[in-house]
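Below you'll find the structure, written out as structure tokens, and then a few comments.
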Amino acid sequence: MTKKTPRKPPLVAEKRYSSGSRKTRKPAATKTRKTPQKAKPAPRKRKATRRKASDGGGIIGFFRRVIGWILRLIWSVTWRVGSVVCLIIGLWVGYIYTTLPDVTELFDGRARGSVTMLDRNGDVFAWRGDQFGGVITTESVSPNLRNAIIATEDKRFYRHFGVSPRGVASAVRINLSEGRGPLSGHGGSTITQQTAKLLCLGDPYDPSTGMSEAEYEADCRRGTLQRKIKEAVFAMAMEVKYTKDEILTIYMNRAFLGAGARGFEAASQRYFGRSASDVSPAEAAMLAGLLVAPTRYAPTNSLTRSQSRATVIVGLMEDQGYLTAAEAQDARAHPAQLSEAAAERAGGYFADWVMSAGPEYFTRNTTEDVIIRTTLDRRLQAAAEDAMQYVFANKVREGSKAEAAIVVMSADGAVRAIVGGRETKVAGAFNRAVQAKRQTGSAFKPFVYGAALDIGYSPLDTVIDEPFCMNIPGSGQWCPKNYTKNYKGRVTLADALKDSLNIPAVKVSEKVGRELVRQVASQFGLESDLAAGPALALGASESTLIEMTGAYAGILNGGSAVTPYGLTELKLLGESEPLMGTEGGIGERVIQTQAAEELIWMMEKVVAEGSGRRAKLPDWQAAGKTGTTQAARDAWFIGFTSQYVAGVWMGYDDNTPLSGVTGGGLPAEIWHETMVRVHEGLTPTPLPMRAPSGPVENWEGGGATQTDSGGGLGGVVDKVLRDIFGGGGSQNNSGNQNPLTFNDR
């Protein structure tokens, strides 16, 4: 029988192994069974990866990658370049900041000074040069003006950093819409940028460069892109250096506002006669309106245009809340008006004459601010202007191009009024009273008779008025005629002057000697070259109206020469002591007092009874002389009362003959109208004249024909005159005077 072997119990290790094996296999089996369920998402991930790969591999993906790369490159370059540009601009702004001076040094940037002219009463009537009225600030100026400037030029002034991108973009849009280039026309500049431009970006005017001040300013206003960039940087530097109010203060003091006014204080004084601290809303709007185009909108050029521009500014002020509706309506209903001085167009012809006659370094090219006191009487100036306009409006045919000029002065040569042409409210125009040299005609004859009276002849001496000829060596026969073509026979010297007879005047001139006549006329102030031949007696020489009027003033004052003058005192602004005084007035005696008084008596007959009757004044004695040149190219009347001397010239600028006009016609009427107005309110006083007395000499005149020997002096008088005057008229005049026919009156 088989013996069963007993079964050994498993070792502990085996138990572990067996148990571990089972446990290991069991989970493995479980895992294997669960794997298909957990692996389901895996294919989806692989499918998604395949879709991305599929998309990135096409042409669309390629372009996407290229565009992305370009954008990343642009961004990379842009922020780097932008950083560099910002750094450069910052350094540039910082550099300019270090060069900017103290704000007080920038208020007055003029390269030349100004001239302020006062009338005889001390009131301002004219300005010249670049006027600077004094420093104003945002605190001292009228709020109306400060608000008007901001509303007009830069409504976001207090909110930007010197440059307004919105303003630039708006300006570019407007320029393009109007068919201009982006930088042409509207600039979109802020007040700060405009101030930078006024400062010429810190580059001061240097006369040594050869560039005029006008050229310098034009260069500063150039609108190129490069200039705009510099302007913007300079503006930002100013914003760092100065406060907003300081920038606005610089702007208000340096802006050019027309008529030579630099800064709003000067402009306010010039146009309204008041400080910029006192202007009304209407006046403030007119001043602010000048900024866009100072010359065009200057109220002295066109008050209507300036007022229309101001109306636009008032609307802007109302829209931006600076004016209430009631205030705006009041400003529109009562627009700004010019002051009396401004309405006179800066003194017109008189101021121009003072500027041309004064020292150049204190007038035309002054670098200082100068105050000049003058002889101007504004009442008399207005009288002369009104008389001119009255006669041309009522007694000259419509459309006539004839011109006229008037000078009024005192007996000592102090000029009280000048009208240099029919357009009376002008400045810088051609001044016919001062600049035009014209033949004097019979207005010269008083100097012929004055020379005769001075050597002892009497107004009652007689001479024969008859056909008369002279043989002039080298020129032939010369036969002057009277204006009427008639002859009166024996006449007194007084009657010959009264009726403006030519033959007696020539005979008297030849009798006393042309050289004496020439000397008397020259010493009385006729500085132009005087004719050398016998036609000297008939006014063949040329002279200006102011010279002729000054010469007649010498007759009125008793025979002493005068130098017409308009300047009585010149001093620098702020100084009490004048640098110079009157340059002119009464000079040396030319003829004796008795001769002058007898000549005045003769000239009074011209107005009372003779060729100058149209000049006669009510209640006043007046003396004068008519003058009409060959072919009536010039017509004159010059005369005086005991108070004033006045001269009138009439003619065409191109020497066209006047039609039916003589000195005793329209010029005498202009003189009459002028002197009636000049003497309003004055008490009549008599002329300083003397009736003649003593023996009478009858001159035969040497017959109907003479040979020009230079004067025909005879007897004792000839010898005395030759001893005194070196031969009188004994010189040979061959070739100096062509035969002319003077039909003069």
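Structural remarks
- All conditions in (1) closer than 25 Å to R432 by Cβ; (2) open to solvent by less than 10 Å² (accessible area, probe 1.4 Å) hold for Y565, with the sole exception of (2).
- Considering segment 529-552, the residues that are of a type in the set (S, T, N, Q) and under 23 Å from P480 (Cα atoms) include one that is farthest from the chain's Cα centre (by Cα), namely S541.
One line per residue, one yes/no per condition, for (1) among the aromatic types (F, W, Y); (2) free of Cβ contacts under 8 Å to residues at least 40 places away in the same chain:
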residue: L303; (1), (2): no, yes
residue: Y322; (1), (2): yes, no
residue: G348; (1), (2): no, no
residue: A357; (1), (2): no, no
residue: E360; (1), (2): no, yes
residue: I371; (1), (2): no, no
residue: T375; (1), (2): no, no
residue: M388; (1), (2): no, no
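- Criterion violated by P578 - all others in (1) assigned to a loop (DSSP other than H, G, I, E, B); (2) on the phi < 0 side of the Ramachandran plot; (3) buried (at least 22 other Cβ atoms within 10 Å of the Cβ); (4) without any contact (Cβ under 8 Å) to a residue 40 or more places away in the chain satisfied: (3)
- Scope segment 85-102; condition assigned to a helix (DSSP H, G or I), hydrophobic (A, V, I, L, M, F, W, C) and within 44 Å of the chain's Cα centre (by Cα); matching residues: I89, L91, W92, V93, I96
- For segment 583-602, filtering for residues that are open to solvent by less than 70 Å² (accessible area, probe 1.4 Å), at negative phi and in contact with a strand residue (DSSP E or B) (Cβ under 7 Å, 6 or more places away or on another chain) leaves 3.
- Some residue of segment 395-405 being surrounded by 23 or more Cβ atoms within 10 Å (Cβ to Cβ) and within 30 Å of L118 (Cβ to Cβ): yes
- The condition (being touching a residue at least 24 places away in the same chain (Cβ under 8 Å), open to solvent by less than 40 Å² (accessible area, probe 1.4 Å), under 18 Å from E598 (Cα atoms) and touching a Phe, Trp or Tyr at 6+ places or on another chain (Cβ under 8 Å)) is satisfied by just one residue among A451, A521: A521.
- Restricted to segment 603-623, and to residues there that are outside any helix (DSSP H, G or I) and without any contact (Cβ under 8 Å) to a residue 60 or more places away in the chain, the residue that is surrounded by the fewest Cβ atoms within 10 Å (Cβ to Cβ) is P618.
- Of all residues making up segment 660-670, the number that are touching a residue at least 60 places away in the same chain (Cβ under 8 Å) and either buried (at least 23 other Cβ atoms within 10 Å of the Cβ) or not in a helix (DSSP H, G or I) (or both): 7
- Candidates are the residues of segment 153-180 that are part of a helix (DSSP H, G or I) and farther than 22 Å from F234 by Cα; the one that is modelled with the lowest pLDDT is N175.
- Within segment 103-152, if we keep just the residues that are touching a Phe, Trp or Tyr at 6+ places or on another chain (Cβ under 6 Å), part of a loop (DSSP other than H, G, I, E, B) and among the aliphatic types (A, V, I, L, M), the residue that is modelled with the lowest pLDDT turns out to be A111.
- Test: residue in segment 391-410 that is of a type in the set (G, A, S), assigned to a loop (DSSP other than H, G, I, E, B) and in contact with a helix residue (DSSP H, G or I) (Cβ under 7 Å, 6 or more places away or on another chain): no
Okay, residues lined up against (1) over 23 Å from S356 (Cα atoms); (2) at pLDDT below 95:
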| site | (1), (2) |
| --- | --- |
| R514 | yes, yes |
| G525 | no, yes |
| G533 | yes, yes |
| L538 | yes, yes |
| L572 | no, yes |
| A595 | yes, no |
| E598 | yes, no |
| W601 | yes, no |
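- Filtering segment 221-254 to residues that are under 23 Å from V135 (Cα atoms) and either touching a Pro at 6+ places or on another chain (Cβ under 8 Å) or free of Cβ contacts under 8 Å to residues at least 60 places away in the same chain (or both) leaves T243, I247.
- Among the residues of segment 284-304, those that are open to solvent by 10 Å² or more (accessible area, probe 1.4 Å), within 18 Å of the chain's Cα centre (by Cα) and of a type outside the set (F, W, Y) comprise L291, A293, P294, T295, R296, T300, N301, S302, L303.
- Residue count for segment 188-214 under the criterion of being more than 18 Å from L257 (Cα to Cα) and surrounded by fewer than 20 Cβ atoms within 10 Å (Cβ to Cβ): the result is 12.
- Identity of the residue in segment 461-505, of a type in the set (A, V, I, L, M) and in contact with a Leu (Cβ under 9 Å, 6 or more places away or on another chain), that ends up surrounded by the fewest Cβ atoms within 10 Å (Cβ to Cβ): V491
- For segment 542-558, a residue qualifies if it is in contact with a strand residue (DSSP E or B) (Cβ under 7 Å, 6 or more places away or on another chain) and surrounded by fewer than 24 Cβ atoms within 10 Å (Cβ to Cβ), and the qualifying residues are E542, N557.
- Among the helices (runs of 4 or more DSSP H) confined to segment 311-380, the ones with at least 3 residues that are closer than 21 Å to V124 by Cα, open to solvent by 10 Å² or more (accessible area, probe 1.4 Å) and of a type outside the set (D, E) are located at 348-357.
- Some residue of segment 706-728 being under 24 Å from L516 (Cα atoms), in a loop (DSSP other than H, G, I, E, B), modelled with pLDDT under 50 and in contact with a strand residue (DSSP E or B) (Cβ under 7 Å, 6 or more places away or on another chain): yes
- For the residues G133, G122, the requirement of being surrounded by fewer than 17 Cβ atoms within 10 Å (Cβ to Cβ), among the small types (G, A, S), out of contact with any strand residue (DSSP E or B) (no Cβ under 6 Å at 6 or more places or on another chain) and under 30 Å from G566 (Cβ atoms) singles out G122.
- Residue in segment 556-569 that is touching a Ser or Thr at 6+ places or on another chain (Cβ under 9 Å) and in a helix (DSSP H, G or I) present: yes
The values are calculated or read from the model by the stated rules, or taken from the named source; none is laboratory data. Note that the structure is a prediction, hence the values are computed from the model and not measured. Using ideal geometry, Cβ is built from the backbone for each residue, glycine included, and neighbour counts are taken over all protein chains shown. Remember, those area values only see protein heavy atoms, side chains included, never the ligands or the DNA or RNA. Shrake-Rupley method; radii C 1.70, N 1.55, O 1.52, S 1.80 Å.
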